[in-house]
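See below for the structure under consideration.
The values are calculated or read from the model by the stated rules, or taken from the named source; none is laboratory data. The structure presented is a predicted model; accordingly, all values stated were derived computationally and were not measured. Glycine also receives a Cβ, built like all others from the backbone with ideal geometry; neighbour counts cover every protein chain displayed.
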Amino acid sequence: MSEQPTVTASHPSGSIIRGSVQPTDPAAVREIVGSTGFFHDFEVDVAVELVQERLSRGLASEYHFLFADLNAHPIGYACFGPIPCTQGSFDLYWIAVHAAHQGSGLGRRLMAEAERTMLAGVPGADGRPLPPARRVYIETSSQPRYAPTWRFYERCGYTIEARLKDYYAAGDDKLIYAKALS
């Protein structure tokens, strides 16, 4: 099992969700994440690096992706993976929708599909299915400009489990959201 299957159900926007990673996806992720206006260039680089890692190492990267494509062009994506040394805990590393498509429900659709995929048991580094996800964790900044992000996570059923003071910088705490899936 090398890739998650493409989900063919379409969204009202006409987008479809796919689980395979394509060689053009690093540039698409740069465009999507950059369009949001939330991230520094070095953060955008990290988002792109995870896609490149998946392309170069395959399942051994343990990064899993879902892409929302509109007319065969990615307009949103989610990146997630199992947390090492845990049983059934996953990180949602990235979820982003291009600024031109925000507010359409696509982010909630990507979140729901990512959770469904984690519950189904994604393939591990050896290709065998991992146990289903029990909990999903998401990290974000406490800076006020992230308030729309917090509200999105909360609407999706996530709650703040921890706050690490001054984590990113003085006055910029790390907020850790979590949700039990099973």
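Just a few scattered comments:
- Number of positions in region 113-127 that are in contact (Cβ under 8 Å) with a residue 12 or more places away in the chain and exposed (fewer than 15 other Cβ atoms within 10 Å of the Cβ): 4
- Residues in region 36-49 that are crowded, with 18+ Cβ neighbours inside 10 Å and of a type outside the set (Val, Ile, Thr) were compared, and the one that is farthest from Ser141 (Cα to Cα) is Ala47.
- The residues in region 129-159 that are of a type in the set (A, V, I, L, M, F, W, C) and under 21 Å from Phe39 (Cα atoms) can be counted, and the count is 4.
- Pro74 in a loop (DSSP other than H, G, I, E, B) and either of a type outside the set (S, T, N, Q) or surrounded by fewer than 22 Cβ atoms within 10 Å (Cβ to Cβ) (or both): no
- Check on Tyr168, of a type in the set (Phe, Trp, Tyr), within 28 Å of Gly19 (Cβ to Cβ) and surrounded by fewer than 17 Cβ atoms within 10 Å (Cβ to Cβ): no
- One residue from Phe152, Phe67 being part of a helix (DSSP H, G or I), in contact (Cβ under 8 Å) with a residue 40 or more places away in the chain and among the aromatic types (Phe, Trp, Tyr): Phe152
- Residue in region 70-91 that is nearest to Leu130 (Cα to Cα), counting only those that are touching a residue at least 12 places away in the same chain (Cβ under 8 Å) and among the aliphatic types (A, V, I, L, M): Ile83
- Within the option set Ala27, Ala47, being assigned to a helix (DSSP H, G or I) and either modelled with pLDDT under 95 or farther than 23 Å from Thr117 by Cβ (or both) holds for one residue only, Ala27.
- Members of region 128-149 found to be part of a helix (DSSP H, G or I) and surrounded by 13 or more Cβ atoms within 10 Å (Cβ to Cβ), listed by number: Tyr146, Thr149
- Test: residue in region 113-124 that is of a type outside the set (Val, Ile, Thr), assigned to a strand (DSSP E or B) and modelled with pLDDT of 95 or more: no
- Members of region 142-163 found to be in contact with a strand residue (DSSP E or B) (Cβ under 6 Å, 6 or more places away or on another chain) and not aromatic (Phe, Trp, Tyr), listed by number: Ser142, Gln143, Thr149, Gly157, Ile160, Glu161, Ala162, Arg163
- Of all residues in region 19-30, at least one satisfies being surrounded by 20 or more Cβ atoms within 10 Å (Cβ to Cβ) and small (Gly, Ala, Ser).
- Filter pass, Ala78 being within 16 Å of Gly19 (Cβ to Cβ) and at pLDDT below 95: no
- Taken together, the criteria place Gly76 among residues that are in contact with a helix residue (DSSP H, G or I) (Cβ under 9 Å, 6 or more places away or on another chain) and within 25 Å of Gly37 (Cβ to Cβ).
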